Every structure is written in C-alpha cells, then in structure tokens.
Amino acid sequence: MKMTIKISMLLVVLLLPTTTVLASDGAALYKKSCAKCHGADGTAKTKMGKKLKCRDLSDPAVQAKLTDAQIAKSIVEGVKEGDKTRMKPVKGLSQADVDALVKYVRTLKK
C-alpha cells in the first residue's frame, strides 16, 4: 500500500511540471495559432500574411511600438480595423498561454 502511494505521488510530481510547461509553451502556441499568417519567423511573408498585411513581428521598429499589453490584447481580442477583422482572437488560452505567446513574440525581433 505504501509503495503504491509513493509511486502515485512520484508520478504526480514528475508529470505536473511537464503539463504546465506544455500548456504555456509560447513557441508551440505560436506555431499552432499565429505562424499561418505571421510566418514561423514573424516576418509575415506568408500568403495569408501578405493578403492581410500583417505586421512584421521580427522588425525592431514594430516591436518597439508594441507594448506587451497591446500584444496580449491583440491575441485575446483580435484586431479590428473599422468594420474589418484583421486578426481573429485566439480562443481557449489561459493567461499563462497568453503570457508565453507575448514572451515568444518578443524573441522574434531581429
């Protein structure tokens, strides 16, 4: 009985950090939710990125103009320009996911 409890507790301890890291993996979230338009490198040179005229997230000037709060708001609420939706919000993200995405976007700067 004691051995079963110890093994169960060990599994919880080993698996918990992995689950948390996976849930907040900015690079994986970016690849899944953002790269189609913004490109894997953030340059927005994808077909969809060119069509939507997405910002080049690798450009230091663009990065300098955006605060972390603005990036987070764009992720959560999307981006509208007049009546047009330029970027749909990314659904189903926790605050940790949003923070990880913002942090990852900052790594795209050249």
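Nothing in this text is a laboratory measurement; each read-out follows from the coordinates by a stated rule. Computed from a predicted structure; not experimentally measured. Counting neighbours? That spans all protein chains shown, and the Cβs are built from the backbone with ideal geometry, glycine included.
Descriptive notes on the structure:
- Considering all different alpha carbon pairs of the range 25-107, the Kirkwood hydrodynamic radius works out to 12.7 Å.
- K80 versus D68: modelled label distance in nm, points set 7 Å from Cα along the beta carbon direction: 2.8 nm
- Remark: R55, R86 ranked as R86, R55, counting other beta-carbon atoms within 10 Å and listing the fewest first.
- Dipole magnitude of the range 25-107 about its Cα centre (Cβ charges: Lys, Arg +1; Asp, Glu -1), debye to nearest 20: 460 debye
- Cross-link pairs beyond the 24 Å C-alpha cut-off, checked among K32/K88; K80/K110; K36/K109; K31/K91; K88/K110: K80/K110; K88/K110
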